[in-house]
1. Using a 10 Å cut-off on Cβ to Cβ distances, tally the other chain neighbours for every residue of A:191-201 and report the average as a whole number.
2. Tell me, how many Å apart are the Cα centres for region B:229-282 and for region A:308-325?
3. Quick one: what do you get for chain A if you divide its Cα Rg by 2.2 N^0.38 Å?
4. What average number of partner chain Cβ atoms lie no more than 10 Å from the Cβ of the residues making up B:514-526?
5. How much length is gained if the chain between residue B:470 and residue B:57 is pulled fully straight, taking 0.36 nm per residue apart and subtracting their Cα-Cα distance, in nm to one decimal?
6. Sorted by packing (mean other beta-carbon atoms within 10 Å per residue), highest first, where do B:84-94, A:319-329 land?
7. With both bridge residues required to lie in chain B, what share of the DSSP beta bridges run antiparallel, to the nearest 5%?
8. How long, wide and thick is region B:289-369, going by the Cα atoms along their three principal axes, in whole angstroms, largest first?
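Just so it is clear, none of the values below were taken in a lab; they were calculated from the coordinates. This is a predicted model, so every value here is computed, not measured. Don't worry about glycine lacking a Cβ; one is built from the backbone with ideal geometry, like all the others, and counts go over all protein chains shown.
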């Protein structure tokens, strides 16, 4: 087993190298090239000024160097072995051990690490709320449907879930804002962001203050999260619920369930104590595949609700063809994906003793 | 199965329970401290308010004496920069207080000079201050931090020297013996202080200039603007002299428009730390950031009235900029009354469609006010005709008659009234329609297909009766119109023009391109005709766009247009400091451009703005809407308490 894991980890390096190289080449060879859209706002800029800016960026970040040189420089930057880099891209002395650096995003003018440190907690908050809700609802719906297989409830829940699954998030988000956050209809939720304008002056807990009831900082975030979380969860049920339904059905008709019934256990105990545990297996392995999306964020929902998480960061990076930001994000998401696949495989072996990688 | 609840488990649960209770109590305690802190902060603010009021009164007594003594006949006396604000203050119902809640898409930086977007610019306009300002009605420079200034015009000597040595502008900059074309000396007010209480002196002005010019600071944009300035020298604590190295027609605007930063605050940071920062923003403007160091992207910008501001205190207690990226969400937030403005011309101009939707809602119209106005921020849209083919030879559009004919075949009035729904102003040239450069005698070309066809016939284009016009060499007259994709209304415009040209036998092939490809093509002059927009300012320099020297070497004369008469006029205008002589020259340029039609000028966008009805004294001025410092909310209508 250990042997297998080490082999898989070693394989990650060439895979990541290939992934980032392809990403970089696609970006670099597209019209405009690296940093090509940097002057997106050129229409609002005086012509000579736009040019001065471009020249400055080229000099400072080496945007006019050959693509492979740029890629090699990035590799040098992120690796713990390599050359020190001085201002204006000058290479310094060679070190056997140096601090790996995610580099500097030229479109945002900040170190990539800072940008990620700002965006990641927001994305994690959103996803860590969404994921359990999705799984609980999906499991409940799946088991519920499995127990009434072929019945009218099974059918309708199937249709409803499929229906939800096919509603595009972008439409649903806009509708939610338009109806649930609009004074013309129901003004129940805020329109955008994660905090109220007054959030900074709120106490942490809800309480009675001089000016009346104050909902507090914590509840304020919760209130702002309702619509985005709703948007993120509804489409996630369908697939997981079908998966749970299938697994439950299979287990319900298996030998051990029949034995349990024969020994006189009631249906409820069979379901909760025996079948449920076994039906979770495919869900656990599936959840490992969700791990990367925890880090990559949800582009559409973040845009609609003005939540500045990883999804928006990634879109901004791609739009600006920001070399460091795109490459680092490809690296992080690629790495997390590979790790989660490995994790899924290992979990599989742990959960099912028949699987072996020797 | 040994599944019983044991003593060990009991203690474990007890421990966990205690932990949770302790955490909750700690949070509660923190909460109480937070409230106490807020109360203290409030008290401190109130005391500061009183103190600075006293301070201001004392300073005023002093300053009247100093300024009166310093004015000499040779200097231009600065007029009171607050006359419009004082008029507002005299209006019935005027009251200070309330908040103004604006909105914009996210910005990456608030630190001055680093940020490129208009959201940051809008915020900085509140917090930072410049030596001179612009009068919103007369469009002339008015005093601000500088009470008076003096321009020393030496352009004649500069050009004589340049001609005698045969040097270019760049070489002149490097030549140590070259005379300086212009010098501006500013007298600073004595009562200006930054929002942290430190006085503003000439040292801050000099330091700011040096900081911008430091090649390690990420400020290439401002550096390009200020490259014409050779040196900035302080003569005593309240006098600065700017010496230009390259002539510029409005040296006061160039030198007096720089945001002045506090040296003591920013010099703590190395260029590298400064570049990486997101929210280092402290200045001497009417507002201050709630925290001058801590803002980070995505956060609401909360600006408080700067009680140490030297001038008239602005009406609003706070100006708030929220972040909403999605336009529909912005629209909904405005409908809900969460925002006081929809369609800030600087930050996010409103599109005609949502604007009309708001207009159609009687509830919204009843409790708001709306404005449609000309503004230099709208820029102008045009079609540029490339006069050279890819091989460098003159193309079909090199002939002036063809360009004139193209203009006359495009029904620009219908583009304005139907595609742009009337929210634009038809134009005849590149200048802001309410600016002084604009030549009111030049009228847009008429829409006249018959005259256009006659001109084309004259230019050698043949109509053989097949309905397709033939070029002089016998091939059908067709060309592609390149335009940026995904920008509102371009597709409709291209299709409309295609339709109207088809009636005259000319084939237009729409060629929408992603911006990065588009700008690449522009750089390489690789197109036949191009539709795009330029931004305009109060006074535009045509050199970069229309001078024939800007065809080669990545200049912005990408249509390869060249007219010796225009070149001469541009050169003359650029080297004339006196506006009374310069403006007629620009107006002549306007006439030449209209005759030559290197561009078919189509329209300038109007500003469209909805504002909450409780805000009073909002009106349109030649510069757009009047300044926010003149708006106010009567006491009873105020929504936000302190």
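1. Average neighbour count from other chains, rounded to a whole number: 6.
2. 32
3. Compactness ratio reported: 1.25.
4. If you average over the peptide's residues, the count of other-chain Cβ atoms is 4.
5. Numbers: separation 413, 0.36 × 413 = 148.68 nm, distance 7.80 nm.
Extra length available between residue B:470 and residue B:57 comes to 140.9 nm.
6. Peptide ranking by packing, descending: A:319-329, B:84-94.
7. Working: 61 of 76 bridges.
Percent antiparallel among DSSP bridges in chain B is about 80.
8. Principal-axis extents of region B:289-369 (Cα, largest first): 44, 30, 21 Å.
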